[in-house]
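The values are calculated or read from the model by the stated rules, or taken from the named source; none is laboratory data. All of these numbers come straight from a predicted model, not from anything done at the bench. Neighbour counts run over all protein chains shown; Cβ positions are idealised from the backbone, glycine included.
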Amino acid sequence: MTSDLAAWLIAISAAILLFLGLMHLLYTFRGRKLHPRDPALEEAMKQGHPVLTRRTTMWNAWVGFNASHSMGAILYGLLYGYLALAHQAMLFASPFLLGTGLVLLIGYTLVGRRYWFSAPNSGIFAATALYIAALIVALF
């Protein structure tokens, strides 16, 4: 039987991702936090197209990427939080689910280290550390 501590560690990890995803989604559609500081750059993004297609602009792609990125973090937070609290036996019995969660968090950690700023980076690192701690607790 998996310890409650392991389940709570994953639930807290999931809550961090849920919070970050919700904040990112809010910042994508409200305010100017994810807008370029240079108005000329924003205008260029609204006029420019990616090489892939002329059916969108770089600005629309930017907004869409930010929104879908947020939705991924929200999905992880909701799904793994729910599994940890309501179906911990199933979660901890599934190498696939545990491995998928770990790979996602490590991926976010690596991408975050390279491309993000400190606040989300710190949150992702904490969520990953909590998740790994949960796996260690569950093993012993």
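When residue 34 is tested against (1) in a helix (DSSP H, G or I); (2) under 18 Å from residue 121 (Cβ atoms), exactly one condition is not met: (1).
All of (1) surrounded by 17 or more Cβ atoms within 10 Å (Cβ to Cβ); (2) touching a Gly at 6+ places or on another chain (Cβ under 8 Å) hold for residue 72 with one exception: (1). Looking only at residues of region 24-66 that are surrounded by 15 or more Cβ atoms within 10 Å (Cβ to Cβ) and among the polar types (S, T, N, Q), we find that the one that is nearest to residue 112 (Cα to Cα) is 66.
Note on region 48-74: residues that are free of Cβ contacts under 8 Å to residues at least 12 places away in the same chain, under 24 Å from residue 107 (Cα atoms) and of a type in the set (A, V, I, L, M, F, W, C) amount to 2.
Being among the small types (Gly, Ala, Ser), modelled with pLDDT under 95, within 30 Å of residue 42 (Cβ to Cβ) and assigned to a helix (DSSP H, G or I) is a property that residue 72 lacks.
When region 17-47 is filtered for residues that are touching a Lys or Arg at 6+ places or on another chain (Cβ under 7 Å) and in contact (Cβ under 8 Å) with a residue 60 or more places away in the chain, nothing remains.
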